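Asker: My questions all concern the structure below.
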Amino acid sequence: MKKTALNSMHRNMGGKMVPFVGFDMPVQFAGINEEHETVRNKLGVFDVSHMGEFWVEGPRAFELVQKVTTNDVSALTDGKVQYSCFPNGSGGIVDDLLVYRFNEEHYLLVVNASNIEKDWEHINKHNDCGAHLTNASDSISQLAVQGPLALKAMQKLTGESVEDMTYYTFKVLEFAGHPSIIFSTTGYTGSGGCEIYMPNKLADNIYAAVLEAGEEFGIQPIGLGARDTLRLESGFCLYGNDINDATSPIAAGLGWITKFEEGNEFIDRDLFADQKANGVPRRLKGFIMEDRAIPRQHYEVVDAEGQVVGEVTSGTMSPMLKKGIGMAYLDKPFWKDGSEIFIKVRNKVARAIVQRPPFYKG
């Protein structure tokens, strides 16, 4: 079982530790609902050091990143971040990721913890242009400080302006007294905030500084449980649930990160272009429960006559709405907003309405 550099601090703060994709991680501290509401209303800090980081550098770095990701890397400028995915060559998704552009020969790819080895093999397999690759996953720690007060609190720890940073941008700055810290206005909660990258040796010190700076605003440490309920309320995909090696970005509602501009030649481009033009049999859609029930992954979705029309990929009880919410792949025409569907919960069916996320706008 791997441990992040902050493992001892989590245990000292009473974190409930569980195995998660090979890491010993805190699932909760004060409780999932309380932590969720803290992020929505104030700010919270997550240890996301289990995520993977790959450097792509050299004169042909751009060429490789453009080839292996569906988004248009040419649209990036220095200091910008892009959400994207790796197509697998047969119409599925290897992983979803963030692409950071430092300059035209220097990129950082941030990938999911569960896919680090698979992603590393994939990008090396397609590196026929000689870009220089470095897997820095074991040497970098990452904190996500999320919530409406996050940037205000973090401004106390740096002399550079961060409160006015726009969404999906980053700076390399002095933070909590340490130089060369990557500070990005990204996150997985839908409540704003930042993500901070640092060497492992600085993790304890910076984590303590973040907690101290946020104390007056009501900061709390947040576990993986609330991370999942927050991302689902906001309609963000989770790899392994909502997207995987068998789902295309078009079917997953990720057409907005699948760009067909001239010159953007990426793996599976022609296949995805055909899907965009001619449609797919099922699409990933959000839904909100009308009957009292909690949807879970792999529950069947049926129509009013009991015919199977889809499958739930993610589901939970929304802490903010006090209703069940979820995402499911649905047959046409049931994927239309406002459509009535029914979720099979054990031996019963519960009524739901298809609704485009985010489910909670706060």
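The values are calculated or read from the model by the stated rules, or taken from the named source; none is laboratory data. All values reported here derive from a predicted model rather than from experimental measurement. Backbone-built Cβ (ideal geometry, glycine too); neighbour counts: all protein chains shown.
Asker: Among the residues of the stretch 63-111 satisfying the criterion of being surrounded by 19 or more Cβ atoms within 10 Å (Cβ to Cβ) and among the aromatic types (F, W, Y), which is nearest to G263 (Cα to Cα)?
Answerer: Taking the candidates together, the pick is F86.
Asker: Do the conditions hold for L149, that is, is it of a type in the set (A, V, I, L, M, F, W, C), closer than 20 Å to P199 by Cα and not assigned by TED's automatic domain parsing to the domain that holds T77? I'd like the intermediate steps shown before the answer.
Answerer: Numbers: of a type in the set (A, V, I, L, M, F, W, C): yes; closer than 20 Å to P199 by Cα: no; not assigned by TED's automatic domain parsing to the domain that holds T77: yes.
When the stated conditions are applied, L149 does not pass them.
Asker: Here is a follow-up. Pairs only if they're at least six apart or on different chains, beta carbon under 9 angstrom, first in the stretch 61-83 and in the same structural domain as E105 (by TED's automatic domain parsing), second acidic (D, E) and surrounded by 18 or more Cβ atoms within 10 Å (Cβ to Cβ); list them, first residue then second.
Answerer: Going by the 9 Å Cβ cut-off, the qualifying pairs are Q66/D72; T70/D268; Q82/D72; Y83/D96.
Asker: Identify the residue in the stretch 337-362 that is part of a strand (DSSP E or B) and out of contact with any strand residue (DSSP E or B) (no Cβ under 7 Å at 6 or more places or on another chain) and, among all such residues, is surrounded by the fewest Cβ atoms within 10 Å (Cβ to Cβ).
Answerer: Filtering the stretch 337-362 for residues part of a strand (DSSP E or B) gives 340-345, 348-354.
Filter once more, so that each one left must be out of contact with any strand residue (DSSP E or B) (no Cβ under 7 Å at 6 or more places or on another chain): 345, 348.
Numbers: V345: 19, K348: 10.
Selected residue: K348.
Asker: Which of the residues that make up the stretch 124-146 are over 24 Å from the mean Cα position of the chain (by Cα) and without any contact (Cβ under 8 Å) to a residue 60 or more places away in the chain?
Answerer: Those that are over 24 Å from the mean Cα position of the chain (by Cα) and without any contact (Cβ under 8 Å) to a residue 60 or more places away in the chain: K125, D128.
Asker: Among the residues of the stretch 273-282, is any more than 16 Å from K348 (Cα to Cα) and in contact with a strand residue (DSSP E or B) (Cβ under 8 Å, 6 or more places away or on another chain)? Full working, then the answer.
Answerer: Taking the stretch 273-282 and keeping what is more than 16 Å from K348 (Cα to Cα), we get 273-282.
From the residues that got through so far, the ones that are in contact with a strand residue (DSSP E or B) (Cβ under 8 Å, 6 or more places away or on another chain) too are 281-282.
The answer is yes; a qualifying residue exists.
Asker: Of all residues in the stretch 289-307 being crowded, with 16+ Cβ neighbours inside 10 Å and under 11 Å from I325 (Cα atoms), which is nearest to the chain's Cα centre (by Cα)?
Answerer: By that ranking, first place goes to P295.
Asker: In the stretch 209-251, what residues are of a type in the set (A, V, I, L, M), free of Cβ contacts under 8 Å to residues at least 60 places away in the same chain and either assigned by TED's automatic domain parsing to the domain that holds F46 or under 18 Å from P295 (Cβ atoms) (or both)?
Answerer: Residues of the stretch 209-251 of a type in the set (A, V, I, L, M): 209-211, 213, 219, 222, 224, 226, 230, 232, 238, 243, 246, 250-251.
With the extra rule that they be free of Cβ contacts under 8 Å to residues at least 60 places away in the same chain, the set shrinks to 209, 250.
Within the stretch 209-251, A209 is the sole residue that qualifies.
Asker: Of all residues being aliphatic (A, V, I, L, M) and closer than 16 Å to E290 by Cα in the stretch 314-336, which is surrounded by the fewest Cβ atoms within 10 Å (Cβ to Cβ)? Just the residue, please.
Answerer: Step one: list which residues in the stretch 314-336 are aliphatic (A, V, I, L, M), which gives 317, 320-321, 325, 327-328, 330.
Now drop any that are not closer than 16 Å to E290 by Cα, which leaves 317, 320-321, 325, 327-328.
Values: M317: 17, M320: 18, L321: 13, I325: 27, M327: 26, A328: 29.
Ranking the candidates gives L321 first.
Asker: Would you be able to tell me the number of residues in the stretch 260-274 that are surrounded by fewer than 18 Cβ atoms within 10 Å (Cβ to Cβ) and either of a type outside the set (G, A, S) or outside any loop (DSSP other than H, G, I, E, B) (or both)? Can you show your working first?
Answerer: So the first thing to find is which residues in the stretch 260-274 are surrounded by fewer than 18 Cβ atoms within 10 Å (Cβ to Cβ), and the list is 260-263, 265, 269-271, 273-274.
Still in the running and either of a type outside the set (G, A, S) or outside any loop (DSSP other than H, G, I, E, B) (or both): 260-262, 265, 269-271, 273-274.
Number satisfying all stated conditions: 9.
Asker: Can you tell me which condition P281 does not meet? The list is (1) within 19 Å of E311 (Cβ to Cβ); (2) touching a residue at least 60 places away in the same chain (Cβ under 8 Å); (3) surrounded by fewer than 16 Cβ atoms within 10 Å (Cβ to Cβ), and all the others hold.
Answerer: Unmet condition: (2).
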